[in-house]
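Contents: one structure, followed by commentary.
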Amino acid sequence: MMRLLVILLLPLGFGACSGETGNPSTDSSVATVEAIDGALLQKSWPARMANDEIRGPFEGHPGWRHFFSGDLNLALGAFAQSKHARGMARVHQLLSDLYAQGALLSANATAEAYGVDAVDTDPSEMAYVLGVSAVIRGDFAEAKARFDAVPPDSLVHERSVHWLAAIKDAAAIPELDVLVKISGSLGDVSPGTQPEVQSTPHFEFNERSEKARPMGANDPTALLSHSAWHAAAAKAAAPETDGSVLEQVGYRYAVEKRPEVKQPVLPLDDAWLFCSADLSPADTGFIATASSSGLDAVAEWSDRSPLAAALQSSIQDGRVEPQSVMDAAFALQKQLSATMADIGGGVQDFHRPFAIRARIAVLLAGMIVADANDQYRDAGILRLNALERMHAGGIEPVFALSVAAWDAGNRSPLRPEDILHQFGSSYPALVAAKAPLEALHLRRSRNAAPTTPVH
Amino acid sequence: MAFKNAFRALTGLTLATLGTAANLAYFEESIPTTLNPLYAKKMSDHRATELIFDRLWFHDAITNELRSRVVQKYQIAEAGRAVEVTLKSGIRWHNGQALTSKDLCFTVKAMLDTRGASILATEYRTFLAGCDARGPQTALIRFNRVLPNPRERLGFPILPASEFSSTLISPDMAFSARPIGTGPFNGKRGLRMVTFDFFTNAHHQPKVVQMQLQEGGDPLVQTKTLINNNVQGIIVVPPGQRPDLSASDDVSMKAYDLRSWWYIAVNTKNPALKNVKVRQALNHILNRTQLRQYSIGVKPGDKNSPCEFISGPFVRSSPYYNATVPVNETDNLSKAEALLKSAGLEKLGGFWNVNGEPITLRVGMYSELNNEAPDLLAQVGNQLGAIGINRVTAKITADEWDNSVMAGKSDFDLVIGKWSFGLVEEVGALFKSGGRQNMFGYTNAQVDTILDEYEDAVTDTEQRDAYHKLHKVLSQDLPYLFLWKLDTKSAWRTEVRGNIVAPYHYFTEIDSWSIDG
């Protein structure tokens with residue numbers, strides 16, 4: 001068993017970092033703090049997986065090992081090799097979220113750089129990229145206006161015509177077949193594989209300056225296509241019974257506003273929960289509800305969802321208190337550590353990373369509720385706190401991309417550049433988001449308060 | 001009036017001491033050399049002045065929204081060539097006087113005073129043209145051209161007119177050690193410590209009563225002191241100490257967004273080093289992988305390394321970084337020897353000679369970098385020695401750095417340093433002939449032309465391409481041997497709450513910080 005634990009934890013090197021031994025021990029310093037009802041906490045995946053028998057199937061599988069260390073590509077390959085349907089479905093779903101957030105990053109950077117900060121020298125074809133960006137940002141009137149402005153003799157005119165047709169009747173991002181018709185084929189959807197990646201830049205447009213220099217540009221449609229491709233692969237891979245699970249899981253990182261529907265507590269297999277920011281099946285329903293109903297969802301779900309229960313004390317005077325969420329998150333980490341030690345008969349190396357994931361899960365839930373409650377800055381505080389907490393154990397790529405997209409929407413290019421640099425080589429299609437981000441940086445830099453190199 | 005102001009100032013401090021006993025001590029990279037923001041040269045200077053002064057406009061550390069704590073309202077004037085600013089009423093300086101438009105215009109005029117030696121002011125002079133007070137709280141700031149969004153540019157700290165006899169502000173004034181600002185803290189610099197006492201004001205309500213900046217020494221001692229709660233924070237945690245701190249529930253690691261890259265500057269006036277082949281040889285003598293491993297602790301193949309090699313004067317995630325220029329990760333000694341020979345050097349008795357005399361290079365390193373990269377100086381020296389280049393190594397104090405190295409008066413041949421940047425990553429001052437931070441007086445006509453192209457660029461692509469070209473030329477001409485970018489992380493006790501760290505400026509949101517218990 002210890003060998004398997006070492007395998008599971010090796011990619012993150014937690015044992016080495018903490019200086020802890022792998023031997024179970026009773027640690028008197030682990031204080032029992034009742035953050036939430038203990039019975040509710042017992043239903044969470046970290047608590048249940050303190051039990052060797054429940055954790056066992058995950059420890060030995062290379063797919064979960066890579067998943068644990070945040071490498072979705074290697075995880076997908078390993079799941080494909082062992083024909084692990086839910087493992088494949090889960091990774092494809094996350095990759096779909098990843099590229100959707102990449103598309104949002106590209107759209108936000110484009111809107112800020114070429115929309116808000118537009119200059120006369122911008123190529124006229126940028127109207128097309130701005131149009132696609134407007135679709136991703138949910139502004140369909142703006143999108144139509146931009147597509148209408150695409151020059152008829154341009155490289156992207158045909159694409160703009162397709163887009164206009166796609167959004168004529170339905171104000172929504174179209175399905176995979178329409179997207180690939182616009183931005184090019186990605187190959188057949190085949191679970192366990194990856195779609196083809198187009199080289200960048202997708203186009204070269206001439207600047208409207210005296211020198212008419214060519215400017216590389218990319219079509220965010222390609223990122224939407226990748227997202228749709230992986231969504232289709234997830235659907236194809238998942239067991240038939242998991243259709244509604246996929247739907248509910250998709251709420252967390254949805255770029256488009258999803259319909260407000262009564263969410264049930266679905267019977268989630270542990271393959272959907274292991275290492276997830278949803279600690280229990282009820283958390284998945286809670287998050288899907290909270291993204292639209294905010295505070296009401298906390299009240300509605302707090303008797304079932306550990307995350308909602310953890311957040312309850314952080315709602316004060318109709319607002320989410322960020323510091324209180326951080327305290328609640330830490331308290332849950334402590335309570336969970338004590339619970340796992342009880343179940344496992346002592347403290348083990350994997351307890352801390354599991355408990356930290358639970359702590360981050362509370363921060364993310366607080367962020368979602370704060371966002372839905374129009375507390376943009378408070379949600380930002382929690383978002384960045386969650387990112388900081390991830391640094392020690394490895395940053396989740398989907399969340400990192402969502403932070404990058406959020407930053408770009410705030411006209412802040414530096415952190416997104418770093419995130420894209422970190423993940424661009426593993427997920428090469430994301431590189432399509434680089435050009436507008438660079439433009440945002442350059443344009444903001446040119447108008448920024450002066451600074452000099454500092455030693 | 002003076003008595004009234006003194007009473008107000010005293011009241012502010014008294015209120016501070018009556019508050020909760022919330023004192024906070026932290027380790028800085030070094031004691032700031034100045035608390036005058038016009039002369040801030042080190043990041044520790046910038047971070048300290050952020051506690052004492054208000055910048056006219058600043059960016060929110062979370063949402064990046066452009067905000068001001070001192071401006072009541074503003075309007076663009078004179079068709080974009082000016083902005084009329086109305087300051088909030090009721091804001092007091094730490095000497096008790098009221099903040100007025102006179103102070104704002106004094107600050108602008110001080111920056112426009114060409115007798116001053118402030119590098120920052122020189123940058124502001126490229127677009128500021130003047131300032132006229134139009135009432136007690138209203139001033140018109142004028143520009144020498146139309147600025148698209150002037151508020152973005154006006155991020156300068158406001159200085160008190162009452163503390164200066166003229167607009168000529170020099171770095172050696174008493175103000176640099178005991179400044180007067182309108183910021184949340186009143187700062188005083190001592191030899192071993194800087195203390196910041198909170199100052200209640202209309203626009204700042206800090207919850208921390210006193211902050212103590214202490215010089216961080218041995219990283220291990222810093223870490224133990226933090227864990228034992230004898231200080232509450234460390235601004236820069238070296239990579240080697242991060243795992244221990246990350247494993248503690250009593251400490252939170254904080255990301256600090258700062259773009260820093262490390263280099264070895266080469267004295268191109270040295271008789272041997274003026275030959276580009278010798279500089280290229282040095283670039284091949286360096287085994288960056290070993291330097292990084294032995295000094296920073298990053299092993300080859302480590303995932304998510306905080307330290308990433310570079311081949312030019314930008315971090316790899318920057319749009320200005322030219323990814324087509326390769327990095328020398330390891331040494332290539334045969335190539336280095338071939339270059340040295342082709343430069344006319346001879347190896348005699350195991351040592352390289354030029355004109356019959358053995359080369360001896362004087363290698364220096366900015367001393368405070370030794371905390372982040374222990375033994376880097378010795379490691380560089382060892383690598384030079386291993387191929388037969390004599391060297392003399394020395395650590396450079398902050399005073400020596402400012403007064404000798406940056407003044408172009410040092411006798412070093414190689415200098416190990418680090419430059420940090422925020423959103424603006426301009427490097428012209430480092431490499432242009434006569435550049436204000438061109439430490440060895442490097443001159444290259446091609447580089448100057450490229451830097452002019454950058455300055456004159458009309459479009460983004462022109463600007464980016466100019467710096468890509470610069471990167472390539474510098475990687476061949478090598479006035480610097482580029483080493484790596486190293487990310488910056490802070491650590492704070494978990495009792496310190498609400499501690500939002502602002503990119504670059506760090507303490508911008510200090511009002512939200514508090515100490516539990």
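Couple of notes before you dig in:
- Equivalent ellipsoid of segment B:259-486: semi-axes from √(5λ) of the C-alpha gyration tensor, largest first, are 26, 21, 18 Å.
- Whole-Å distance, taken between Cα centres, linking segment A:127-180 and segment B:173-236: 54 Å
- Diffusion coefficient, µm² s⁻¹, Stokes-Einstein with Kirkwood Rh over alpha-carbon pairs of segment A:230-368 at 4 °C and 1.567 mPa s: 82 µm²/s
- Between residue B:164 and residue B:456, the FRET efficiency from the beta-carbon distance, with R0 = 56 Å, is close to 0.95.
- Cα-based Kirkwood hydrodynamic radius, segment A:99-224, one decimal, Å: 14.9 Å
- Whole-number Å³ per residue for the convex hull built on Cα positions in chain A: 159 Å³
- Projecting the Cα positions of B:479, B:300, B:437 onto the charge dipole of segment B:259-486 (unit charges on Cβ atoms of Lys, Arg, Asp and Glu, taken about the Cα centre) puts B:300 furthest along the positive direction.
- Out-of-range pairs (alpha-carbon distance over 31 Å; input B:109/B:489; A:144/B:73; B:269/B:347; A:144/A:262; B:254/B:299): B:109/B:489; A:144/B:73; A:144/A:262
- Qualifying chymotrypsin sites (Phe, Trp or Tyr not before Pro) in segment A:351-440, where qualification requires a DSSP coil assignment and no more than 13 other C-beta atoms within 10 Å, are lacking entirely.
- Using the Cβ-Cβ distance between residue A:342 and residue B:229 with R0 set to 35 Å, the FRET efficiency from 1/(1 + (r/R0)^6) comes to roughly 0.75.
- Segment residue A:317-residue A:196, length gained on full extension (0.36 nm per residue, minus Cα span): 38.5 nm
- Average Cα contact separation per residue, segment B:259-486, under 8 Å, 6 or more apart, as relative contact order %: 34 percent
- Computed magnitude of the charge dipole of segment A:99-224 (debye, nearest 20; Cβ of K, R +1, Cβ of D, E -1): 80 debye
- Residues whose amide H comes within less than 5 Å of that of residue B:496, counting only those at least five positions distant or on another chain, are B:516 (H built at 1.01 Å from N in the peptide plane).
- Using C-alpha pairs below 8 Å separated by at least 6 residues, the relative contact order for chain B is 19 percent.
- Calculated log₁₀ intensity ratio I(q)/I(0) where the Debye formula runs over C-alpha points of chain B, q = 0.07, 0.08, 0.11, 0.13 Å⁻¹: -0.42, -0.55, -1.02, -1.33
- Alpha-carbon geometry of segment A:340-412: the Rg and the Dmax are 14.6, 50 Å, given in that order.
- Helix A:322-344 vs. chain A, principal-axis angle (Cα, 0 to 90°, nearest 10): 50 degrees
- Distance between the modelled labels on residue B:144 and residue B:115, one decimal in nanometres: 2.0 nm (7 Å Cα→Cβ projection).
- Helix A:85-110 and the longest principal axis of the Cα set of chain A meet at an angle near 40°.
- Spin-label pair residue A:256/residue A:212, simplified geometry with 7 Å Cα→Cβ offset, distance in nm: 4.0 nm
- With pairing defined as another cysteine C-beta under 4.7 Å, the cysteines of chain B that fail it are B:307.
- Take the Cα of residue B:126, step 7 Å toward its Cβ, do the same at residue B:302, and the gap between the two points is 3.6 nm.
- Where trypsin sites (Lys or Arg not before Pro) fall in DSSP loop in segment B:364-461, at most 11 other Cβ within 10 Å: B:409
- Gain on full stretching of the segment that runs from residue A:169 to residue A:148 - 0.36 nm per residue minus C-alpha separation: 6.0 nm
- Put a plus charge on the Cβ of each Lys and Arg, a minus charge on the Cβ of each Asp and Glu, and nothing anywhere else: the dipole of the protein assembly as shown about its Cα centre is then about 2220 debye.
- Between helix A:126-136 and chain A there is an angle of about 30 degrees, using the helix long axis and the longest principal axis of the Cα atoms.
- Helical runs assigned H by DSSP (4 residues or longer) give the protein assembly as shown a calculated mean residue ellipticity at 222 nm of -12500 deg cm²/dmol, each run adding -39500 (n - 2.57) before division by the residue total.
- Per-pair calculated FRET efficiency, R0 = 30 Å: residue B:95 and residue B:494 via Cβ, rounded to 0.05: 0.25
- Over the protein assembly as shown, equivalent-ellipsoid semi-axes from the Cα gyration tensor in Å: 44, 35, 33
The numbers here are math on the coordinates, done by the rules we state, and not lab data. Source: prediction; values computed, not measured. Ideal geometry is used to build each Cβ from the backbone, glycine not excepted, and the neighbour counts take in all protein chains shown.
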